[in-house]
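One structure below.
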Amino acid sequence: MDEKSERTMAMLCHIGALSGCIIPFGNIIVPLIIWFVKREESAFVDDQGKESLNFQISMVIYFIIAAILSLVLIGILIAVILFIAWFILVIMAGLKANEGEKYRYPMTIRLIK
């Protein structure tokens with residue numbers, strides 16, 4: 001895989017998570033498909049695909065916690081903050097991956113190694 005295609009696929013692993021705004025669990029499904037198909041062709045796509053998946057899974061866990069905490073009203077504020085952070089971090093990661101830089105999300109539970 002040439003470097004431009006490699007960077008594009010890595011970017012799509014991150015930006016594809018935005019599909020979660022339209023498709024339920026699209027934030028996990030789209031990066032998973034891209035990573036699964038392209039991971040053997042590129043170490044960079046493999047690394048960024050795992051990073052994207054780990055972040056998306058972590059955010060789902062955090063949103064579940066926020067939903068539970070919404071019973072005491074603080075979860076609503078936490079969910080709004082999480083959504084804004086999620087959106088900004090996904091865009092930043094996509095831009096960095098497109099530049100060829102490895103991006104590491106904050107607050108990520110590393111489940112896939």
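What the table below lists for this structure:
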| item | result |
| --- | --- |
| Residue tally, condition of a type outside the set (F, W, Y) and either within 8 Å of the chain's Cα centre (by Cα) or under 20 Å from I15 (Cβ atoms) (or both), over the range 51-70 | 9 |
| Residue within the range 31-49 that is at pLDDT 95 or above, under 29 Å from M1 (Cβ atoms), buried (at least 18 other Cβ atoms within 10 Å of the Cβ) and touching a Pro at 6+ places or on another chain (Cβ under 8 Å) present | no |
| Counted residues, the range 96-113 - those being over 11 Å from N54 (Cα atoms) and touching a residue at least 40 places away in the same chain (Cβ under 8 Å) | 6 |
| Positions within the range 13-50 being within 14 Å of the chain's Cα centre (by Cα) and aromatic (F, W, Y), in sequence order | F25, W35 |
| One residue from D2, D46 being within 17 Å of R110 (Cα to Cα) and either free of Cβ contacts under 8 Å to residues at least 12 places away in the same chain or of a type in the set (F, W, Y) (or both) | D46 |
| Residue ID - surrounded by the fewest Cβ atoms within 10 Å (Cβ to Cβ), chosen from residues in the range 62-100 that are in contact with a helix residue (DSSP H, G or I) (Cβ under 9 Å, 6 or more places away or on another chain) and not in a helix (DSSP H, G or I) | E99 |
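Conditions (1) in contact with a Phe, Trp or Tyr (Cβ under 9 Å, 6 or more places away or on another chain); (2) over 13 Å from G94 (Cβ atoms), marked per residue:
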| residue | (1), (2) |
| --- | --- |
| E3 | yes, yes |
| E6 | yes, yes |
| A10 | yes, no |
| S19 | no, no |
| F25 | no, yes |
| I29 | no, yes |
| L32 | no, yes |
| F36 | no, yes |
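The values are calculated or read from the model by the stated rules, or taken from the named source; none is laboratory data. Since this is a predicted model, take the numbers as computed values, not measurements. Counting neighbours? That spans all protein chains shown, and the Cβs are built from the backbone with ideal geometry, glycine included.
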